[in-house]
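Written out below as structure tokens is the structure these notes cover.
Read-outs throughout are calculated quantities, based only on the coordinates presented, and are distinct from any laboratory measurement. Keep in mind it's a predicted model, so treat the numbers as computed, not measured. Note: ideal-geometry Cβ built from the backbone for every residue, glycine included; neighbour counts use all protein chains shown.
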Amino acid sequence: MRKFVILSLLALGTLSLYAQAEFKQTKYPNGNIKMEGYFENGNPVGVMKRYHENGIIQGIQIFASDGTSKAEIYAGDGTLSARGKYEGQKKVGLWQYYASSGYTFMMENYEKGVRQGEALVFSADSVVLERMYYVDGLLNGERVSYYPYGNVMTRYTYEMGVLNGLYQFFFESGSIGEEGMYLNGKKDGIWKVYDVESPIVQEIIYVEGEIENKSEVDAKLQEKLDSYDVDPKILDPEDYINNPEAYFDRL
């Protein structure tokens, strides 16, 4: 009896809350629901749902009285793509992004909608494939990518979004393949290139990103270097909401 009374009071409280709010619903041209939820004084309250045009859920957002909300975002096939928290319309705290198979492929931290601190990319086996750090939305410090079994592949050094400092590339065996320094986003000074099958070390001299000793650099070696140290562009994981595996195509 007591349990029934408590449940009844909770139900009445919920009804009371929504009795003060206006239910709104929008639809796509094909008649499917686009968005539905309750609003009070123009602000969403409780649970708001958004749908893809095909009728599958696109997002669920649960609003709290303090202006924050918990959100889940879904791909067009209904699989969970992202989960995190908003303060107003800005991301805050930990955000996790998921591959279509269900595993977490990226984790990021936000403050007032801006990336801050450590961000990680994972393989399906939960191995860290990439580790980077942000300050005010810009890459800062060491950014490291790894082979699927954990060995380091590359190391970049950033200063507020610009490559500045040591760069290293490693062969799968763990031995060094290439190393040098970046200055204001360009290769600078003496870069050393190693051969996994030979003790010979090739030195290349750069000035503001241009090779000074071109006559000493083999064309095939230069092609190999270009394949080593490509700096893949970091994009917003939301660009991969409907196809998370595409994130790895640019690594």
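Need one word for the stretch 20-90: rounded, prolate or oblate. Basis is the Cα gyration tensor (sqrt eigenvalues a ≥ b ≥ c); a/c below 1.5 gives rounded, then a/b vs b/c decides.
oblate
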DSSP loop trypsin sites (Lys or Arg not before Pro) in the stretch 59-130 with at most 16 other Cβ atoms within 10 Å of their Cβ, which ones?
-> Lys112
Spatially near lysine pairs across the stretch 81-215, Cα under 23 Å, sequence gap of 8 or more or different chains | 6
